Amino acid sequence: MTGFPSITAGIQIPPNAARCLKHLEVFDEVRSSAVHPQSIVIRSYRDGKQLSSLPLVPQMEEHYHSPYLVTRRVDLHGVLLVKAKSLGVLIHMGAKVAEVDFTTPSVTLVGGDLYKGDLVLAGDGTNSSTRQALPGGDKMPFHSGDEVVSIAVDANRLRQSPELRRFVDQPAVTTWFGPDAHVVTYPPKSGDLLHIILSRREDRDTPVQIQPREAYLQELKDFFKDWDNSFVKLLNIAERAMKWTLTEIPNLPNWCHPSGLVAVVGDSAHAMLPYLAQGAAQGLEDAACLSVLFAHVRDRIEIPHLLSIYERLRMPRAHETKRRSKVMRDINSMIDGPEQEKRDRELLANELSEGLSVFWSHPEAQLWTFGYDIVMETQDTMRTYRKHTLGTYTMNGLFTYADSNVPSE
Ligand SMILES: Cc1cc2nc3c(=O)[nH]c(=O)nc-3n(C[C@H](O)[C@H](O)[C@H](O)COP(=O)(O)OP(=O)(O)OC[C@H]3O[C@@H](n4cnc5c(N)ncnc54)[C@H](O)[C@@H]3O)c2cc1C
């Protein structure tokens with residue numbers, strides 16, 4: 001097994017993210033190397049009984065005009081890299097930013113190279129040092145109470161087993177809900193590896209492990225020994241697993257520095273638990289929003305205004321998605337008992353009460369999550385902005401508006 005885990009790691013691209021890829025003109029390339037899972041299947045940890053199945057094909061296209069895809073992270077990165085280069089973006093691999101100057105603005109790399117720009121967008125992830133310099137951003141990521149384990153299983157070995165071949169031959173995202181743990185399989189392209197992500201409760205006092213490290217398969221096999229036999233067999237075929245801590249960050253009061261020239265994007269702004277598969281999707285919504293905002297920038301002086309519109313448009317939705325992802329954690333890992341029985345009954349009947357209203361199968365949650373169009377919303381906002389700006393600026397760089405109905409930024 002080579003290149004584990006970064007090469008094998010899968011990622012779900014829900015319709016709201018696929019829509020952003022279309023706007024960024026990389027959708028066809030991403031789709032060509034992706035899988036179209038037919039459904040998201042939820043199973044009980046005990047016996048593998050199907051509790052719920054959310055059909056994806058053709059429903060997602062029909063309802064949201066964009067598909068639900070699963071791809072390898074490395075493939076998604078590759079497509080974005082080619083696109084960025086074709087647009088003339090200079091990419092410095094292996095360059096570590098040592099310092100951000102928030103007013104120039106500029107970044108200095110370890111080694112001393114200095115890069116000045118009109119603005120700095122910091123996508124430096126959950127442990128972002130840029131975020132820590134924003135007002136109210138100084139709180140460190142903390143242990144979420146879950147550890148996550150990434151496992152790759154040779155798809156060819158699965159194809160040899162009549163019981164397990166369905167995990168690779170019938171593309172579906174399969175999920176098991178169990179006590180204090182939750183498992184997801186990412187269907188592979190043919191001849192590839194099946195990627196499995198599992199998460200389970202861990203004492204919050206356990207030291208945070210940021211870099212993935214080897215997980216002991218025997219310990220996992222012991223923990224999951226009473227789970228659905230199919231999953232136990234998948235674990236038995238696995239050769240290697242890597243684990244790390246899932247951390248959380250408190251909601252930030254600001255995504256932009258007071259200079260108006262530096263903003264955080266992606267996980268550095270809104271890292272969330274992965275239980276709605278929306279973390280990167282929200283980052284893509286950030287990217288699509290910024291691309292609309294900056295497509296027709298007229299003057300540098302507009303930058304603080306555009307960044308503040310970005311924050312205003314994106315923050316409420318990202319924070320709400322983050323909240324829902326955390327609620328989902330409690331839903332998918334309930335311990336056996338009356339609450340879990342109620343959950344399973346509702347999933348089986350496909351009649352979800354308020355308690356399950358963040359789950360994709362809930363019609364309102366699904367529409368809210370998958371149906372959202374950040375491109376359209378940003379374009380609408382920009383039309384209002386352009387209509388109401390006089391096109392002149394005061395000496396300190398503030399816009400004056402033609403009427404007072406423009407929402408404050
Ligand atoms: C188990 C799991 C499953 C997930 N599944 C999904 C899914 O199916 N769908 C989905 O949409 N999301 C999913 N997510 C969330 C998704 O992985 C993240 O939201 C996404 O990777 C965030 O991307 P990012 O570019 O913002 O941050 P990152 O991916 O963290 O990238 C930040 C980069 O910045 C670099 N960096 C940091 N500091 C510096 C510095 N000083 N100088 C230079 N570089 C620096 C880091 O090395 C890193 O490469 C999942 C997350 C987890 C943990």
Discussion item. Quick check: net charge around Arg317, other residues with Cβ under 12 Å of its Cβ, Lys/Arg +1 and Asp/Glu -1?
Written reply: -1
Item to complete: Beta carbons within 10 angstrom, averaged per residue: use that to sort the peptides 241-254, 49-62, highest first.
Response: 241-254, 49-62
Practice prompt. Kindly put Ile374, Ile210, Ile301 in sequence by how many other C-beta atoms sit within 10 Å of each C-beta, fewest to most.
Written response: Ile210, Ile301, Ile374
Practice prompt. Could you run the Karplus curve 6.51 cos²θ - 1.76 cosθ + 1.60 with θ = phi - 60° over the range 139-145 and give me ³J(HN,Hα) per residue in whole Hz, x for Gly and Pro?
Written response: 7, 7, x, 10, 4, 7, x
Worksheet item: What does the convex hull of the Cα atoms come to per residue for the chain, in Å³?
Response: 155
Discussion item. Please give the charge dipole size of the chain, origin at the Cα centre, charges +1 on K and R Cβ atoms and -1 on D and E Cβ atoms. Round to the nearest 20 debye.
Written reply: 580
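Ranked highest first by the average count of other Cβ atoms within 10 Å around their residues, in what order do 166-178, 218-230 fall?
The packing order, highest mean first, is 166-178, 218-230.
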Fill in: the range 173-195-the range 230-308 distance, computed between alpha-carbon centres (Å)
23
Worksheet item: Given only helices, namely DSSP H runs of n ≥ 4 each adding -39500 (n - 2.57), what is the per-residue ellipticity at 222 nm of the chain, to the nearest 500 deg cm²/dmol?
Response: -10500 deg cm²/dmol
Response to the item:
Computed ³J(HN,Hα) along the range 196-202: with the Karplus parameters 6.51/-1.76/1.60, θ = phi - 60°, integer Hz and x for glycine or proline, the list is 10, 10, 10, 10, 8, 4, 9
Worksheet item: Out of Val120, Ala34, Pro304, whose Cα points farthest toward the positive end of the dipole of the chain (charges: +1 Lys, Arg; -1 Asp, Glu; placed on Cβ)?
Response: Ala34
Discussion item. If amide hydrogens are placed 1.01 Å from N in the peptide plane, which non-local residues have theirs closer than 5 Å to the one on Leu51?
Written reply: Ile42, Arg43, Ser44
Fill in: Around Val149: net Lys/Arg minus Asp/Glu count, Cβ-Cβ under 13 Å
+1
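I'd like the FRET efficiency for Val232 and Lys189, computed as 1/(1 + (r/R0)^6) with the beta carbon distance as r and R0 of 25 Å, rounded to 0.05.
Efficiency for this residue pair is about 0.45.
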Worksheet item: What residues qualify as long-range amide H neighbours of Leu69, i.e. H under 5 Å apart, gap of 5 or more or another chain, H built at 1.01 Å from N?
Response: Ile13
Item to complete: Output the peptides 268-275, 113-120 sorted from most to least packed, where packing is the average of other Cβ atoms within 10 Å over each peptide's residues.
Response: 268-275, 113-120
Item to complete: Treating cross-link reach as a plain straight distance, find the lysines whose alpha-carbon is under 26 Å from the alpha-carbon of Lys342, omitting any fewer than eight places away in the same chain.
Response: Lys49, Lys225, Lys322, Lys326
Item to complete: Kindly provide the Kirkwood hydrodynamic radius of the range 137-228 in Å, to one decimal, from all pairs of distinct alpha carbon atoms.
Response: 15.0
Worksheet item: Residue-wise, which Karplus ³J(HN,Hα) couplings in Hz belong to the range 215-230, taking 6.51 cos²θ - 1.76 cosθ + 1.60, θ = phi - 60°, and x for glycine or proline?
Response: 9, 8, 4, 4, 5, 5, 4, 5, 5, 9, 4, 9, 7, 2, 4, 5
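Every number in this text was worked out from the coordinates using simple rules, so none of it is lab data. The structure displayed is predicted, hence computed values, not measured ones. Counting neighbours? That spans all protein chains shown, and the Cβs are built from the backbone with ideal geometry, glycine included.
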